[in-house]
Amino acid sequence: MDKRIRELLRDWGVEGHSQDFFEMVVSVLKLAQQKPSTADLRLFNNSLKEMRYAHKIFTPFDNVKKVTVFGSARTYPTTAEYKAAHDFTELMTKNNFMTITGGGGGIMGAAQAGAGREHSFGLNIRLPFEQKPNPTIDGDPKLINFRYFFTRKLNFVRQTHAIALFPGGFGTMDEGFEALTLLQTGKGRLMPVVFIDAPGGNFWRTFEHYLREHLLRDGWISPWDFDLFKITDDVEDACHEIVHFYHNFHSYRFVGDLLVVRVLRALPEEALVSLKHDFADIIVPDGRVYMSEPHPAEANEPELAHLPRLCVDFDRISFGRFRKMVDRINEY
């Protein structure tokens, strides 16, 4: 059977990552042996279809940075929050970012209009009410309609380089907390997260007060978790927070237990000494901070081989502190 699967993949023209495709086919065959119910089968089948189609739509834009915008679908065009969302994405477009929203109205429609159709993605969810595509993205090939919230939310986070949240309801809070949970635990790629209010507004300051008065006070989160996000009522400040995050920082990955940070410009020796001293609390005992060439394990990302590497023996716990380290890296 293994031989037949490999022959099928070869006949289909599969060349790269053949083992991964082999394992996916095996998973489907094993699922058939488990005799799933019709409902389960539809869930598995439709989920894979949605992820595959979304991948197809996003792939041509892999090299373009993107910001995901969350906020209420019920925000009216006459409100200050609506104007702030429009102005924010307009600024982000000028800084060569594309915008991803849920594709609906309210804040999503404002953000899409500010970014423009050409620079927008809409990840719409099929609901019996509320969620109809906004005029900017309606009919565009970059509008994707999802059946499931979880496949939609996966693409919100997986395809973006920054997250911006405007005032909203249960959905906005859910998306905000999920993003912070992924960053706090290291299960999601570290990126800038900004909570943006209308000028003079206190929606997110009240949210922060709740976090400090309950979650922090009771020991359920750590003080450095507040470094994972920024709250502002100034769209230019929010834009700067996102753009500056990539001033020198490029990306990172773990090679075993070693944190390998790819940067645009190598850091001088005095910067390495400073980082090791100032962030000693997140470096393992006798750990190092040093510049390096690409590691052999990174050979599967040849397009990044030219970038200098900052290597850190990171404790893999304090991602809020790592976020502050990124700010320091961006000073060079």
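The values are calculated or read from the model by the stated rules, or taken from the named source; none is laboratory data. Owing to the predicted nature of the structure, the values given are computational and were not obtained by experimental measurement. Glycine also receives a Cβ, built like all others from the backbone with ideal geometry; neighbour counts cover every protein chain displayed.
Brief remarks on what is shown
- Count of region 275-304 residues which are touching a Pro at 6+ places or on another chain (Cβ under 9 Å) and either within 17 Å of ARG316 (Cβ to Cβ) or small (Gly, Ala, Ser) (or both): 1
- Subset of region 81-122 [over 18 Å from VAL157 (Cα atoms) and outside any helix (DSSP H, G or I)]: ASN95, ASN96, GLY105, GLY106, GLY116
- Scanning region 19-47 for residues that are in contact with a helix residue (DSSP H, G or I) (Cβ under 6 Å, 6 or more places away or on another chain) and not hydrophobic (A, V, I, L, M, F, W, C) yields a single hit, SER47.
- Matching residues, region 213-236, being without any contact (Cβ under 8 Å) to a residue 40 or more places away in the chain, surrounded by 13 or more Cβ atoms within 10 Å (Cβ to Cβ) and not in a loop (DSSP other than H, G, I, E, B): LEU215, LEU216, LYS230, ILE231, THR232
- Residue in region 32-48 that is modelled with pLDDT of 95 or more and under 19 Å from PHE121 (Cα atoms) present: no
- When ASN45, ASN63 are checked against the criterion of being farther than 29 Å from GLY106 by Cβ and either under 18 Å from the mean Cα position of the chain (by Cα) or in the same structural domain as GLU175 (by TED's automatic domain parsing) (or both), a single residue qualifies: ASN63.
- Entry remark, region 150-186: residues being surrounded by 14 or more Cβ atoms within 10 Å (Cβ to Cβ) and of a type in the set (Phe, Trp, Tyr) number 2 in total.
- Residues of region 226-262 satisfying the condition of being in contact with a Lys or Arg (Cβ under 8 Å, 6 or more places away or on another chain), aliphatic (A, V, I, L, M) and not assigned by TED's automatic domain parsing to the domain that holds MET92: LEU259, VAL260, VAL261
- Residue ID - nearest to the chain's Cα centre (by Cα), chosen from residues in region 123-148 that are assigned to a strand (DSSP E or B) and surrounded by 17 or more Cβ atoms within 10 Å (Cβ to Cβ): LEU123
- Boolean, ARG328 is charged (D, E, K, R) and in a loop (DSSP other than H, G, I, E, B): no
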